[in-house]
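Values in this text are rule-based calculations from the coordinates and carry no lab data. Just so we're clear, the structure is a prediction, and the values are computed from it rather than from any experiment. Every residue, glycine as well, gets a Cβ built from its backbone with ideal geometry; the counts of neighbours run over all protein chains shown.
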Amino acid sequence: MKSAIIAVAVTAAGVVLPAAAQHKPEQVIHYRQAAMTMIGWNFGTLGAMIKGKTAWDAQEFALRADRIAALAPQVLEGFAKGSEKGATTDAKAAIWTHFDDFKSKSDALVTQSKALSEAAHTGGEAAMKDQFRKTAEACKACHEKYKAD
């Protein structure tokens, strides 16, 4: 029985791990651009609240923070090897030549966005604003180095 479970797990891992490799580069690029667009969409609403351009709404803040926290771990999948070409993209080639650094910046976004979601549910307005800034810094650290403008 134990060997059957191991065989199923190994087979499942073999199916899941190369998922990005099963897609054409332009599909992978579209995936990452869609993920980034959705993060930006939700981040924009938070930024408007932070800047006082819209009314502060803790419930809306939490909703948007949760969405960002759910999307952030999906971003790295959109930078699969071979997706540096295939469609118009702002991703710099340095992503693939310095992938460990890029991954660490992506991991920082995941960590900060989870903390943003937690702050939105357990912290006050000041804590939410502080964590928003930290999450924005994680975005900026990656964009400055790896996004062409």
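For region 63-121, the alpha-carbon radius of gyration amounts to 1.28 times the rule-of-thumb value 2.2 N^0.38 Å expected for a compact globular protein.
In a simple Cβ point-charge model (Lys, Arg +1; Asp, Glu -1; nothing else charged), the chain has a dipole of about 180 debye relative to its Cα centre. Seen from a random direction on average, the alpha-carbon convex hull of region 22-146 projects onto 7.4 square nanometres. Estimated from helices alone, the mean residue ellipticity of the chain at 222 nm is -25000 deg cm²/dmol (sum of -39500 (n - 2.57) over DSSP H runs with n ≥ 4, per residue).
For ALA91, the residues whose modelled amide H falls within less than 5 Å of its own, excluding neighbours fewer than 5 places apart on the same chain, are ALA148.
GNM remark for the chain: springs join alpha carbons under 10 Å apart, and the peak mean-square fluctuation among ALA55, ALA138, ALA70 falls on ALA55.
Note on the chain: GNM, Cα springs under 10 Å; of ILE68, ILE95, ILE29, the largest mean-square fluctuation is that of ILE95.
Longer than 26 Å from Cα to Cα, which of LYS85/LYS114; LYS81/LYS129; LYS114/LYS145; LYS103/LYS134 are they? Say none if no pair is. Intermediate results must be reported in sequence, preceding the final value.
On the way: LYS85/LYS114 31 Å; LYS81/LYS129 36 Å; LYS114/LYS145 23 Å; LYS103/LYS134 18 Å.
Exceeds cut-off: LYS85/LYS114; LYS81/LYS129.
Considering only PHE132, PHE61, PHE99, the Gaussian network model of the chain with Cα springs below 10 Å gives its largest mean-square fluctuation to PHE99.
Neighbour counts of other C-beta atoms within 10 Å: give me ILE50, ILE39 arranged from fewest to most.
Ordered by Cβ neighbours within 10 Å, fewest first: ILE50, ILE39.
Each Lys or Arg adds one and each Asp or Glu subtracts one; over the other residues with Cβ under 11 Å from the Cβ of ALA69, this totals +1.
When only Cα pairs below 8 angstrom with a gap of at least 6 residues are kept, the chain shows a relative contact order of 26 percent. By the count of neighbouring beta-carbon atoms within 10 Å, fewest first, THR122, THR111 end up ordered THR122, THR111.
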